[in-house]
Structure formats: C-alpha cells, structure tokens
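Novice: Okay, here's the structure, questions in a sec.
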Amino acid sequence: MKGTSAVELVGVDKDFGEVNALSGIELTIGGGEFVSLIGPSGCGKSTLLRVVADLEQPSAGTVTVGGKPPRQARVDQEYGIAFQQAGLLEWRTVAENVELPLHVHGMAKPQRQARAAELLELVGLADFAGSRPSQLSGGMQQRVAIARALAPSPRLLLMDEPFGALDEMTRERMQAELLRIAGETGAAVLFVTHSIPEAVVLSDRVVVMSPRPGRITEIVTGRRPAVGKAAELDPDDVEDVRESSAFFAAITAVREALRKGHEA
Ligand SMILES: Nc1ncnc2c1ncn2[C@@H]1O[C@H](COP(=O)(O)OP(=O)(O)OP(=O)(O)O)[C@@H](O)[C@H]1O
Ligand SMILES: [Mg+2]
C-alpha cells in the first residue's frame, strides 16, 4: 500500500437530474493524511463523500480508493464510515454494534469480541460494552460509531459532520481523540464539517468548496501537527494549537476563501 494514495478523484462530476452537485473535482488524499471539506449547505460535500464510499456513482470522472475502484474498496472494507447520526442498532449492545463490520467480514466470534473490547477501550467506553445505544449520551453514541468505523482497521475514515450534535467541550475532546486515533492507526481521514476552527485544528489540508455547482475553490493548509507525529499527540498540544497565531491565520484564510466563493 505504500505510495498508494488513500483517495483519488479525477475530473469528477455528479448530476442529480438538473442539479449539478459536483463539478470538475480534482483531489488526492495521501496515506494517513487528514483532509476536511468545508463549504455552504448544498455545495456537494456529502455527495463527494458518498461518491468515494460507492453510495453514489459519479456522472463523469474517475474515483479510486486505496488504488481500487470504490466498489472493490467497499467489498474489501478499505474504509470506515461515521456520519452525523451515529446510526447504531438499538437491539444490539454497544460491543455488538462495534463487532458488526467484523461479523460481515466473517471474523470468528472470539476475535471479534477481543477487537471490539480493544476499540471500546480506545474510545473510552470499555465500561459500556454491554449497554444499549439508547442508554448512552449523543457523544458516547458518536464514539461507538467511530469505534465501529475503525473496527476493520481501515486505511481511510469517511466522516460527515460526526460531531455536529455535540456540545463545544465534548466536541473539542472528540477532536483530540480523533487525532489520536487517526495517528495511532495511520488512517487517512476525509472529514466534512461546517466549523472553520474544527476544520483547521484537525486537518493537514482544508478543502474549500463553492455553492452549486460544487467545485473546489481553494485548499488551505491546516494546523494539524505534522503527519506521523500525531501518535504522540497530547490533547494539550491541541489546546496549544487552538491558541496559536498560525491557527487564527488559517481560520482567516478559510473564512476569506468561503466569502470569495459566495461572491463568485
Ligand atoms: N439523492 C439525491 N437526489 C437528488 N438531489 C440530490 C441528492 N443528493 C443530493 N442532492 C442535491 O445535491 C446537492 C448537494 O447536496 P449535498 O447533500 O452533497 O450537500 P452538502 O454540501 O452535504 O450540504 P449540507 O452542508 O447541507 O449537508 C444539493 O442541491 C442536493 O439537493
Ligand atoms: Mg451534507
């Protein structure tokens, strides 16, 4: 896999009848890279994610995921998905929800259980393995969804506004946790958000999109500590980033790019 990009979109268009949702998308995400998508509502962010995840077919252009067509990448569980709604199954326990993709993959029960325990530990929910999703708070459910997405050790995580419903402090803690997890697993992340500070603090690169037809107007360098160092990332480091002048400069750059997109 070394040298293979996590995602490659070349000349991608997506039309829904008359609606031109994506136009001429060119984007390559490197292995282990963290890329955020930001742009006004309806500009095609979720559509772009869905095209990568093989949940929509592009109208034109080519998409490869880990060097494979999206359909093959889906079958091989090359990526994990976490969307805004945690989407957990209420009739299964927390641990069984995390095991689900491994079950689909045909992994034997003892291995599945061991892996789920390890992941719940990672997201700080070891004590809730036997609980039902409805017994957890929204943020805890979101962490279960992230554990589930990570279960097959994907090289890529696709996340669509996963922290949208969380309070600010929980959200900041989840951001630090996500950076730690991505660093530990070496997974690339394609992350959709409406929050400029969130995009900047998490990302190697922030991709700014314009209103319909959705196109990439600018790519801003984020403030994530250099790739590879994230494994040793201390949540306090993230706090330092949040207070640095480079952080504010990147926020201004993204805000200006968004404003330019609106005026165009
Ligand atoms: N299945 C569909 N059928 C028809 N139109 C669709 C479909 N999915 C998305 N669209 C249209 O494509 C455009 C982009 O939608 P998309 O959901 O990708 O936007 P978004 O950037 O994720 O917005 P938001 O920030 O509000 O989530 C919108 O105009 C939407 O109406
Ligand atoms: Mg969306």
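Novice: Under 5 Å between amide H atoms, partner at least 5 residues away or on a different chain: which partners does residue 34 have, H built in plane at 1.01 Å?
Specialist: 189, 204, 205
Novice: Between helix 109-122 and the chain, what is the angle of the helix's C-alpha long axis to the longest principal axis, kept within 0 to 90° and rounded to the nearest 10?
Specialist: On a 0 to 90 degree scale, this one is about 60.
Novice: Sticking with this structure for a sec: Which of the peptides 81-94, 200-213, 172-185 is most tightly packed, and how do the rest follow, judged by the mean count of other Cβ atoms within 10 Å per residue?
Specialist: 200-213, 172-185, 81-94
Novice: For residue 83, which sequence-distant residues (separation of 5 or more, or a different chain) have an amide H within less than 5 Å of its own amide H, given hydrogens modelled in the peptide plane?
Specialist: 160
Novice: Ok, one more. Dipole magnitude of segment 89-187 about its Cα centre, charges +1 at Lys/Arg Cβ and -1 at Asp/Glu Cβ only, in debye to the nearest 20?
Specialist: Here the size comes out at about 360 debye.
Novice: Take every Cα pair under 8 Å in the chain that's 6+ residues apart, average their separations, divide by the length, and report that relative contact order as a whole percent.
Specialist: So the answer I get is 24 percent.
Novice: Please compute the alpha carbon radius of gyration of segment 113-264, then divide it by the globular-protein estimate 2.2 N^0.38 Å. Two decimals is fine.
Specialist: Working: Rg = 16.4 Å, N = 152, 2.2 N^0.38 = 14.8 Å.
Normalised by 2.2 N^0.38 Å, the Cα Rg of segment 113-264 equals 1.10.
Novice: Which one, 117, 135, 150, is farthest towards the positive end of the dipole of segment 86-153 when Lys and Arg carry +1 and Asp and Glu -1 on their Cβ?
Specialist: 150
Novice: Any chance you could get the radius of gyration and Dmax over the Cα atoms of segment 86-153, in Å?
Specialist: Gyration radius and largest Cα-Cα distance of segment 86-153: 10.5, 30 Å.
Novice: Then there's this: Which residues does the label zone of residue 126 cover in segment 91-117, counting backbone N under 14 Å from a point 7 Å along Cα→Cβ?
Specialist: Once the point is set 7 Å along Cα→Cβ of residue 126, 114-117 turn out to lie under 14 Å by backbone N, inside segment 91-117.
Novice: Read phi for every residue in segment 132-137 and hand back ³J(HN,Hα) as whole Hz from Karplus 6.51 cos²θ - 1.76 cosθ + 1.60, θ = phi - 60°, with x for Gly and Pro.
Specialist: Ordered by residue, 3J(HN,Hα) equals 8, x, 5, 7, 9, 6 Hz.
Novice: A further question follows. Label residue 239 and residue 169 with points 7 Å out from Cα along Cα→Cβ: what is the distance between them in nm?
Specialist: 1.2 nm
Novice: Assuming R0 = 30 Å, what is the FRET efficiency of residue 57 and residue 194, from their Cβ-Cβ distance, to the nearest 0.05?
Specialist: Once the sixth-power term is evaluated, E becomes 0.70.
Novice: Counting other C-beta atoms within 10 Å, which of 45, 260 has the fewest, and how do the rest follow?
Specialist: Ascending Cβ contact count within 10 Å gives the list 260, 45.
Novice: If you don't mind, another one. Going by amide H atoms built from the backbone, whose H comes under 5 Å of the H on residue 156, apart from near neighbours?
Specialist: Amide H neighbours of residue 156: 80, 188.
Novice: Assuming a viscosity of 1.567 mPa s and a temperature of 4 °C, what translational diffusion coefficient in µm² per second does Stokes-Einstein assign to the chain, Rh being the Kirkwood radius over Cα pairs?
Specialist: My calculation gives 69 µm²/s for D.
Novice: Mind ranking 129-135, 74-80 by how tightly packed they are, going by the mean number of other C-beta atoms within 10 angstrom, highest first?
Specialist: So the order, starting with the most tightly packed, is 74-80, 129-135.
Novice: What's the magnitude of the charge dipole for the chain around its Cα centre, counting Lys and Arg as +1 and Asp and Glu as -1 at the beta-carbon? Answer in Debye, nearest 20.
Specialist: Once rounded to the nearest 20, the dipole reads 600 debye.
Novice: Could you compute the FRET efficiency for residue 262 and residue 75, with r as their C-beta to C-beta distance and R0 at 45 Å, rounded to 0.05?
Specialist: 0.70
Novice: Equivalent ellipsoid semi-axes for segment 85-201, as square roots of 5 times the alpha carbon gyration tensor eigenvalues: give them largest first, rounded to whole Å.
Specialist: They are 23, 16, 12 Å, listed from largest to smallest.
None of the figures in this text is laboratory data; all of them are computed from the coordinates on show. Everything quoted here is computed from the prediction, not taken from an experiment. We place every Cβ from the backbone using ideal geometry, glycine too, and count neighbours over all the protein chains shown.
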